[in-house]
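Below: one structure, written as structure tokens.
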Amino acid sequence: MRIVEAGPAEDAVLSALYESAFGEVWAPDQLAQLLAGPGVFALIALDDAGEPAGYALGRVAADEAELLSIALLPGRRRQGGGRLLLDALIDRCAAAGAAALFLEVATDNAAALALYRGAGFREAGLRKGYYKVGAVVVDAIVMKRELGAA
Ligand SMILES: CC(C)(COP(=O)(O)OP(=O)(O)OC[C@H]1O[C@@H](n2cnc3c(N)ncnc32)[C@H](O)[C@@H]1OP(=O)(O)O)[C@@H](O)C(=O)NCCC(=O)NCCS
């Protein structure tokens, strides 16, 4: 797999990846609005055949950055794509001048927690009741990684 930065014409690719990964629809105009926000960028993981396999969205604001979303297609997980995307996003944020990268992750998302811990993120806080899916309420762990440090 290899990572490329998404261009403005790739909103539909990102929407399709989001829908396949999460089983929810992300309207293209909703995404376009997000991507048009200050400091927002998108990365796409391409498989060896050049087909999109996953994405990551980030935002840089002055010296702080945020991982907004990351996902691989269900059939493309555990193949190193998540870590490749995360490493590329870390580099992209550091190059844009951010000194720290933050994210939120559901306390029950073992795969994502392991990915982030393995990439050097540490717990920095807890947001109670952050995720609500129907009647299910899940807390979010806030994680932080200093950029420039290992
Ligand atoms: C979280 C996610 C992005 C990981 O992507 P991935 O491509 O499968 O991850 P990688 O193959 O790069 O794995 C990197 C490390 O993450 C951890 N990891 C990934 N999937 C895991 C799983 N199912 N269980 C435990 N650890 C896991 C492991 O530490 C792994 O390293 P290893 O393979 O050497 O053990 C992917 O599972 C996904 O798309 N999940 C659904 C969307 C989501 O929850 N996104 C995060 C919240 S927005």
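Values in this text are rule-based calculations from the coordinates and carry no lab data. This is a predicted model, so every value here is computed, not measured. Note: ideal-geometry Cβ built from the backbone for every residue, glycine included; neighbour counts use all protein chains shown.
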Completion exercise
Within the under-14-Å Cβ sphere about L57, not counting L57, Lys/Arg +1 and Asp/Glu -1 give a net charge of -3
Practice task
Against the globular-protein guess of 2.2 N^0.38 Å, express the Cα radius of gyration of the range 94-150 as a ratio, rounded to two decimals.
Solution key: 1.25
Handout entry: D48, D91, D11 arranged by Cβ crowding within 10 Å, fewest neighbours leading
Key = D48, D91, D11
Problem - Size of electric dipole in the chain: Cβ of Lys, Arg +1 and of Asp, Glu -1, about Cα centre, debye, nearest 20 - result: 500 debye
Fill in the blank from the handout: Residues L43, L34, L85 in order from fewest to most other beta-carbon atoms within 10 Å are L34, L43, L85
Handout entry: Dimensionless Rg/Rh of the range 2-104 - Kirkwood Rh, Rg from C-alpha atoms
Key = 0.95
Handout entry: Residue-averaged [θ]222 nm for the chain, counting only DSSP H segments that reach four residues, each worth -39500 (n - 2.57)
Key = -9000 deg cm²/dmol
Completion exercise
In terms of the charge dipole of the range 2-104, which places +1 on Lys and Arg and -1 on Asp and Glu at the beta carbon, the residue among C93, G50, Q30 farthest towards the positive end is G50
